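Peer 1: Provided herewith is a single structure, encoded as structure tokens, for subsequent inquiry.
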Amino acid sequence: MPDPMRIRAVMMGDLVDVKILMSHVMETGQRKNADGDLVPAHYITEVSATCKDKTVMSAAWGPSVAKNPYFSFRFKGGAKGDKLSITWKDTAGGTRTDEVTIN
Amino acid sequence: MKKTRRDFLSLTGRLGLAAAALTSGLFSRIAMAVDTRPAFEATSLKDALASIGVTEHQASAEIILKAPDIAENGAVVPVEVTSKLPGTRSIALLVEKNPHQMSAEFMIPEGTEAFVATRLKVAETSNVFAVVKTDAGVFHAAKVVKVTLGGCGG
């Protein structure tokens, strides 16, 4: 199981301000290791966020998103105490979902 | 024409080379195909945009693209996009000089702000584009990010 994400979701007026740090190698498949062999690609391809059964953000990513990705966005319709759930999927079939309570 | 033994050998040699070239080409292609999404496979700005359905786009001052002028480390370049265009549906981030230009595409549903912030890898000094799809067409903003240390060397 991959490491958990660090998610912060805070009310900012009527907006929920979301900041996420994911733990992922985001290997491009272009890099060589010390022996000169290509390191196989391994990166997050999909990210989505749901709050109260509504998808509030979905993203398609490529290998050029930096290692241990940081991602921030803002949405309306959430309130203090609501749950926000974030999911990512990667090229190796890995996936991780984490949930936070909006502050 | 009379075929000599030498002709025969050179012919098989050439065929063998061609076959080797074919198979190695094939294998490298298979090895590369981790990502079958056309937008992320594209190797030119135009192809990458075409594969997300963008052929025409114009510059807009209503898109605010924040990125550093100089990135000391191309492996971690903070990029932030805010679109003030009404009816923003999606924001795509592209890096012109990366091996694959498309970095990410964010879908903005109703109720979500047209704002995203993330960090990208930028292989070398390059234009970074934010391409915004709206109800009224496609718009973009660009910014040059100077990279002093490459983003792909690890």
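Peer 1: Ranking request for peptides B:96-109, A:56-69: highest mean number of other beta-carbon atoms within 10 Å first, then the rest in descending order.
Peer 2: On the way: B:96-109: 21.8, A:56-69: 23.3.
Sorting B:96-109, A:56-69 by mean packing, highest first, produces A:56-69, B:96-109.
Peer 1: Among the lysines, which fall within straight-line cross-link reach of A:LYS52, defined as a Cα-Cα distance under 16 Å, with same-chain neighbours fewer than 8 residues apart omitted?
Peer 2: Cα-Cα hits under 16 Å: A:LYS76, A:LYS80, A:LYS83.
Peer 1: From the phi of every residue in segment B:101-108, what ³J(HN,Hα) in whole Hz does the Karplus formula 6.51 cos²θ - 1.76 cosθ + 1.60 yield, where θ is phi - 60° and glycine or proline is x?
Peer 2: These are the phi-based 3J(HN,Hα) values: 5, 5, 9, 6, 10, 10, 8, 10 Hz.
Peer 1: Considering every residue in B:98-108, what mean count of other chain Cβ atoms within 10 Å of its Cβ is obtained?
Peer 2: Numbers: counts 5, 5, 6, 2, 5, 7, 10, 5, 8, 6, 6.
Average per residue, whole number: 6.
Peer 1: Turning to a different aspect of this structure: Determine which lysines satisfy two conditions relative to A:LYS67: a Cα distance under 21 Å, and not lying fewer than 8 residues away in the same chain.
Peer 2: Here the lysines satisfying the reach criterion relative to A:LYS67 are A:LYS19, A:LYS32, A:LYS89, B:LYS66, B:LYS97, B:LYS121, B:LYS146.
Peer 1: Okay, next question. Whole-Hz Karplus ³J(HN,Hα) for segment B:83-95, in order, using 6.51 cos²θ - 1.76 cosθ + 1.60 and θ = phi - 60°, x for Gly and Pro?
Peer 2: 10, 9, 6, x, x, 5, 9, 7, 10, 10, 10, 10, 10
Peer 1: Just to check I understand the Karplus step: with θ = phi - 60° and J = 6.51 cos²θ - 1.76 cosθ + 1.60, what whole-Hz values come out for segment A:39-47, glycine and proline as x?
Peer 2: Computed from phi, the couplings for segment A:39-47 are 7, x, 5, 7, 8, 6, 10, 9, 9 Hz.
Peer 1: Additional query: For a paramagnetic label modelled at 7 Å from the Cα of B:VAL76 toward its Cβ, which residues of segment B:116-144 fall within the zone defined by backbone nitrogen distances under 13 Å?
Peer 2: So the set is B:119-121.
Peer 1: Shielding by partners for A:71-82, please: the mean number of other protein chain Cβ atoms within 10 Å of each residue's Cβ. Please report the intermediate quantities before stating the final value.
Peer 2: Numbers: counts 6, 5, 10, 7, 7, 4, 4, 1, 0, 0, 0, 0.
Partner-chain Cβ atoms within 10 Å, mean over residues of A:71-82: 4.
Peer 1: Here's another thing I want to ask about it. Residues of B:117-125, mean number of Cβ from any other protein chain within 10 Å of their own Cβ, rounded to a whole number?
Peer 2: What the average comes to for B:117-125 is 5.
Peer 1: What is the local net charge at B:PRO68, summed over the other residues whose Cβ is closer than 13 Å to its Cβ (Lys, Arg +1; Asp, Glu -1)?
Peer 2: Here the count lands on +1.
Peer 1: Can you compute the label reach from A:ASN103? Point 7 Å from Cα along the Cβ direction, backbone N cut-off under 11 Å, restricted to segment A:2-41.
Peer 2: From segment A:2-41, the list is A:7-11.
Peer 1: Tell me, what is a quarter of the convex hull surface for the C-alpha atoms of chain A, in nm² with one decimal?
Peer 2: 6.7 nm²
Read the figures in this text as sums done on the coordinates, not as results from a lab. Since the model is a prediction, treat every value here as computed from it, not as a measurement. Cβ coordinates were reconstructed from backbone atoms using ideal geometry, including for glycine residues, and neighbour counts include every protein chain displayed.
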